[in-house]
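Here is the structure we will look at.
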Amino acid sequence: MRKRLLLLLAVVIATLGAAGAQAFTAYQQSSASRQAAPDVQVASAGALPSGPFVLFRNTAPGQGFGEAATAALSEPNGRRTLLGKACDRVYAARNLVSCLETRNGMPTSFEASTYDGSLVQQGTWALGGIPNRTRVSADGSLVATTVFVSGHSYASSSFSTQTLIGPADGSSHSNLEDYALMDHGARIKATDRNIWGVTFSPGKPNEFYATASSQGNIWLVHGDIAARTLTIAASGVECPSVSPDGQRIAFKKSTSGTLAGARQPAVLELATGNVTVLGEQRDLDDQIEWLDNGTILYGMPREGAGPDSDIWSLSLEPGAAPRLFIEHAWSPAVVR
């Protein structure tokens with residue numbers, strides 16, 4: 001029995017040693033890759049630009065990979081400015097940046113941080129899972145975060161999310177799971193519900209839209225922070241994004257009508273309820289951003305390029321085709 005235990009111990013030690021060596025090698029390769037010369041023209045800065053800009057996650061291989069970056073809105077595919085903050089997801093208002101980050105360690109942890117226009121940290125707090133979405137209210141007073149507590153895809157039957165809204169300094173948060181889910185005045189008491197993809201309503205700091213799901217249903221919900229309610233406004237609307245004029249919602253529309261299947265960008269007219277599916281045939285897995293009231297932005301992975309991706313623009317005009325907006329980029333936020 002003692003010999004068997006010693007043999008088992010030796011096997012465990014060898015396995016852990018091999019796994020540790022593999023992880024160390026992967027870490028060295030990753031570090032070397034991130035120190036290589038970048039594939040794009042870059043600069044660095046200690047503050048947000050004074051003029052209109054787009055904030056995004058830099059995915060160009062080499063130095064600065066994974067950092068928050070900005071580019072002038074007048075020349076989005078020109079030189080990008082690295083902000084020195086590693087983020088999995090980013091978003092911004094004029095004087096606030098929200099950054100969700102995975103911290104590799106033993107164990108792996110997840111964190112949200114906010115920075116002002118001079119990139120001075122305003123708050124930081126732990127997240128309960130893998131970073132997935134973040135949004136900032138137009139006045140910079142509120143931050144929303146969504147993480148995967150379990151699973152890593154909305155198509156998985158076992159996924160679970162946690163979505164929080166709170167002040168930019170992270171001093172307090174409200175969990176949207178605790179809000180009352182309402183439909184025509186009646187409360188839906190669903191224990192399996194998930195809420196994700198917050199978008200704040202322009203000029204209405206107390207209101208937002210988000211996605212809720214239960215029993216395979218997908219709903220657009222209108223949130224009221226003061227009343228702590230989520231009221232169903234439409235069906236089949238996933239990851240909403242309110243237009244700058246507040247009249248439309250861009251979203252991911254499932255081709256199957258369920259959480260499974262491919263997604264295409266679509267636009268909901270809030271006044272009429274009319275939905276228009278746009279001319280993007282690739283599967284969309286991003287929360288859409290508005291470039292202006294007639295154009296949307298979204299990220300698309302580069303096929304066969306690992307973690308690299310690009311940001312594309314698409315006009316709402318009939319027959320419009322997607323156009324490359326920023327190469328080697330992800331998670332766009334337009335700031336004017």
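The values are calculated or read from the model by the stated rules, or taken from the named source; none is laboratory data. Note that this is a predicted model, so its numbers are computed, not measured. Because the Cβ atoms are built from the backbone with ideal geometry, glycine has one as well, and the counts that use them run over all protein chains shown. The protein model used for the area step is the full one, side chains on, heavy atoms only, and it has no ligands, DNA or RNA in it. Shrake-Rupley method; radii C 1.70, N 1.55, O 1.52, S 1.80 Å.
If you average the alpha carbon positions of the range 209-273 and of the range 167-193, how far apart do those two centres end up, in angstrom?
15 Å
Add -39500 (n - 2.57) for each DSSP H run of 4 or more in the chain, then divide by its residues: what number comes out at 222 nm, to the nearest 500 deg cm²/dmol?
So the helix-based figure for the chain works out to -3500 deg cm²/dmol.
Using 0.36 nm per residue of separation minus the Cα-Cα distance, give me the extension gain between Thr255 and Met106 in nm, one decimal.
Contour length minus Cα-Cα distance gives 49.6 nm.
Take each of the peptides 172-182, 83-93, average the number of other beta-carbon atoms within 10 Å over its residues, and list them starting from the highest.
83-93, 172-182
Would you please give the residues with an amide H less than 5 Å from that of Ser201, counting only those at least 5 places away or on a separate chain, with H modeled from the backbone geometry?
The answer is Glu207, Phe208, Tyr209.
Cα to Cα, under 20 Å, and not fewer than 8 places away if on the same chain: which aspartates and glutamates meet these conditions relative to Lys253?
Glu238, Glu269, Glu280, Asp283, Asp285, Asp286, Glu289, Glu317
Under 1.5 on a/c is rounded, so check that first for the range 44-90, then, if it is not, pick prolate when a/b is larger than b/c and oblate when it is not; a ≥ b ≥ c are the square roots of the alpha carbon gyration tensor eigenvalues. Mind showing how you got there, number by number?
Working: a/c = 1.78, a/b = 1.46, b/c = 1.22.
Prolate, because a/c is 1.5 or more and a/b exceeds b/c.
Using the heavy atoms of the protein chains alone and a 1.4 angstrom probe, what is the accessible area of the range 47-135 per residue in square angstrom?
On the way: 3430 Å² over 89 residues.
Ligands and nucleic acids excluded, the figure is 39 Å² per residue.
With only alpha-carbon atoms counted, please give the Rg and Dmax of the range 197-336, in Å.
14.9, 46
Assuming 1.002 mPa s and 20 °C, estimate D for the range 102-149 with Stokes-Einstein, Rh taken as the Kirkwood radius over Cα pairs, in µm²/s.
Result for D is 182 µm²/s.
Just to verify a number: FRET efficiency for His184 and Val149, C-beta to C-beta distance, R0 = 30 Å, to 0.05? Walk me through the numbers on the way to the answer.
On the way: r = 30 Å, r/R0 = 0.99.
Rounded to the nearest 0.05, the efficiency is 0.50.
Given a 1.4 angstrom probe, what's the average accessible area per residue across the range 140-287, in square angstrom? Spell out each step's value before the answer.
Values: 6240 Å² over 148 residues.
That works out to 42 Å² for each residue.
Give me the percent of the accessible area of the chain that comes from carbon and sulfur atoms, probe 1.4 Å, all protein chains in place.
52 percent
Beta carbons within 10 angstrom, averaged per residue: use that to sort the peptides 308-314, 226-232, 206-212, highest first.
Highest mean packing first, the order is 206-212, 308-314, 226-232.
Suppose a student asked you for the relative contact order of the chain, using Cα pairs under 8 Å spaced at least 6 residues apart; what percent would you report?
12 percent
Which Cys residues of the chain have no other Cys beta carbon under 4.7 Å away?
Here Cys239 come out as lacking a disulfide-compatible partner, given the Cβ-Cβ threshold of under 4.7 Å.
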